[in-house]
Amino acid sequence: MISKEKPPRLTVYLPDLAKSELEQMANQTGLSQSQLVVMATLGLLANYKAKGNGIFTELLRIEKESR
């Protein structure tokens, strides 16, 4: 029997620019903002399993380059 319970919720606070860009991406792709956040989170978890803490170095490098 398949459970009809909803999965647990997680509230996430985003900077205004990130929220705006996420909304724009959702409009362009036809995916909901929630779907995009879930996809990004699952991708992060998969990368962490595969590469460990090294992924954070790469993410921080990207953040510095975008400034």
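Coordinate-derived values only; no laboratory data. The structure presented is a predicted model; accordingly, all values stated were derived computationally and were not measured.
Structure values in brief
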item: Note, ³J(HN,Hα) from phi for the stretch 24-31, Karplus 6.51, -1.76, 1.60, rounded to Hz, x at Gly and Pro; result: 5, 4, 4, 5, 6, 9, x, 9
item: Phi to ³J(HN,Hα) by Karplus 6.51 cos²θ - 1.76 cosθ + 1.60 over the stretch 48-59, Hz, x for Gly, Pro; result: 5, 4, 7, 10, x, 4, x, 5, 6, 4, 5, 5
